Amino acid sequence: MMALLRRDLAIATRSGGAAMLGVLFFLAVVAVIPFGIGPDLNLLARIGPAILWIGALLASLLGLDRLFQADREDGSLDMLVMQDWVTLVLTVFVKSLAHWLATGLPLVLAAPLLGLLMNMSATATGAVMLTLLVGTPAISFIGAVGAAVAVVLPRGGLLVSILILPLAIPILIFGVSAAYAAVTDPDPFLPPFMILSAIALFFAALGPVAAAAALRGASD
Amino acid sequence: MSDTTISQGWFTSLANPTRFLALSGRILPYLATAAVLSLVVGLYMSFAAPEDYQQGITVRIMFIHVPAAWLAMMCYSVMAVASLGTLVWRHPLADVAAKTALPIGAAFTFLSLLTGSLWGRPMWGTWWVWDARLTSVFVLFLMYLGLMALHKAMDDPARAARPAAVLTLVGFVNIPIIKFSVDWWNTLHQPASVIRMDGPTIHPTMLYPLLVMAIAYTLIFFTLHLMAMRNEIWRRRVQTMRRQAAQSIGGGAST
């Protein structure tokens, strides 16, 4: 399993640089926002956490269709699916984890820089980083289901986003509300953050099992 | 192996597509008649119901809106059960049931969103608010459309079956969220007034038309669903026959 994790990480960081692409997309999305709504720094500071979250959500959806597609193209997916059930679920879990380390973690690390550009306070940036750290794995794990469902399609990229976005909405809601609760005073930060963590854990348990079932179904 | 065939109950024997076609063909006329009758009665009772002292005549939208929302959730539950059937017993009829319920469920969801919006304009002063109930139903609508897109994207229905079933089951987490969204969050949408622990809080003069409408909607759903399932079975049979015919022509040419 560690070998698989290292292999997936190596593929993501070396060939073609899928990991860097996600961060660049994140930068581009966030950079477009001021052009759309004008360079009003106060307004940007107010909507900053939401913009960063939406950018991160879109960026992590972007690379999802590659999660199993590359393995399918070189045939190693069939080998993975042929394992027994528990190993397959674990494999999907590790692959999702590797996907998050390669695409989700860089987004979290890039968030402070973008927070600076958005004129956000240090607390707000910290809160966004913390919620992204918890929320982006959830997107990767639930995204694995979409990637597994669309793996047999020749061009499933857009379909993955359409299928996964409705399921990712709770993550976005609680991530953004926790980030805002940290900045605005009367709202407590912990309850939405706890719910966000609960969603992340729930998706981490549900996603790999469902994705493994979909992979099995697609292969036979 | 003979044991298993004997122990099959009538529900399992229903799963045979041919038997299903025969049985559903016999049931359908009665079901359709009952649906139309209850719809007529329900609509009459809805218009005979007294006007609300606050909402005036717009309360009648409720008789269309609430059953549509219930059916939108029930349809997804039917799909989830059918998906379970696809995954556990791998029966093609379960896949047919899940697939054909999709457009019907999407239509009910759209109807509830549309009528809710029409009601919200005079009552709330806005067509749409992003409160928890409305948002979660909108998410349900998106999931219906996404699943329809998934079925469209796969050319072979047998291969679309299991991935779509998995996705349907994963999306089922949304149903309890819709049901309890009005209790968990402080929303603009009013809390449940019919299905609750301490009995309905709605006045009988409005409750009975609502219940009749709900029965009518349910009958309409099952009528449409059975019809759609029959169509889908015939469509798949025609497809298979066409493929076989094409194969035999190809085989004949090559020899």
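Observations
- Hits in the range B:108-135 - residues which are in contact with a Pro (Cβ under 9 Å, 6 or more places away or on another chain) and either within 11 Å of chain A (Cβ to nearest Cβ) or not aromatic (Phe, Trp, Tyr) (or both): B:Ser112
- Filtered residues of the range A:78-116 (kept if within 14 Å of A:Ser60 (Cα to Cα) and among the small types (Gly, Ala, Ser)): A:Ser96, A:Ala98, A:Ala102, A:Gly104, A:Ala110, A:Ala111
- The number of residues in the range A:190-208 that are of a type in the set (A, V, I, L, M, F, W, C) and facing another protein chain (nearest Cβ under 9 Å) comes to 2.
- Any hit, the range B:138-147, residues being buried (at least 22 other Cβ atoms within 10 Å of the Cβ), more than 16 Å from B:Pro176 (Cα to Cα), among the aliphatic types (A, V, I, L, M) and in contact (Cβ under 8 Å) with a residue 12 or more places away in the chain: yes
- Qualifying residue in the range A:39-59 (condition: within 14 Å of another protein chain (Cβ to nearest Cβ) and either buried (at least 20 other Cβ atoms within 10 Å of the Cβ) or closer than 28 Å to A:Pro188 by Cα (or both)): yes
Condition check ((1) crowded, with 16+ Cβ neighbours inside 10 Å; (2) facing chain A (nearest Cβ under 10 Å)) across all residues:
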| site | (1), (2) |
| --- | --- |
| B:Ala164 | yes, yes |
| B:His189 | yes, no |
| B:Val194 | no, no |
| B:Met229 | yes, no |
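- Long-range neighbours under 8 Å by Cβ, at least six apart or interchain, first residue within 11 Å of chain B (Cβ to nearest Cβ) and of a type in the set (Gly, Ala, Ser) within the range A:161-189, second surrounded by 24 or more Cβ atoms within 10 Å (Cβ to Cβ) and in a loop (DSSP other than H, G, I, E, B): A:Ser161/A:Leu64
- Residue that is among the aliphatic types (A, V, I, L, M), buried (at least 17 other Cβ atoms within 10 Å of the Cβ), in contact with a strand residue (DSSP E or B) (Cβ under 9 Å, 6 or more places away or on another chain) and touching a residue at least 24 places away in the same chain (Cβ under 8 Å), where the choices are B:Met206, B:Met213: B:Met206
- If you go through the range B:148-162 and keep only what is in contact with a helix residue (DSSP H, G or I) (Cβ under 6 Å, 6 or more places away or on another chain) and more than 8 Å from chain A (Cβ to nearest Cβ), you end up with B:Met148, B:His151, B:Ala160.
- Taken together, A:Ala110, A:Ala98 contain a single residue that is modelled with pLDDT of 80 or more and either over 20 Å from the mean Cα position of the chain (by Cα) or buried (at least 22 other Cβ atoms within 10 Å of the Cβ) (or both), which is A:Ala110.
The values are calculated or read from the model by the stated rules, or taken from the named source; none is laboratory data. Keep in mind the model is a prediction, meaning the values are calculated, not measured. Glycine also receives a Cβ, built like all others from the backbone with ideal geometry; neighbour counts cover every protein chain displayed.
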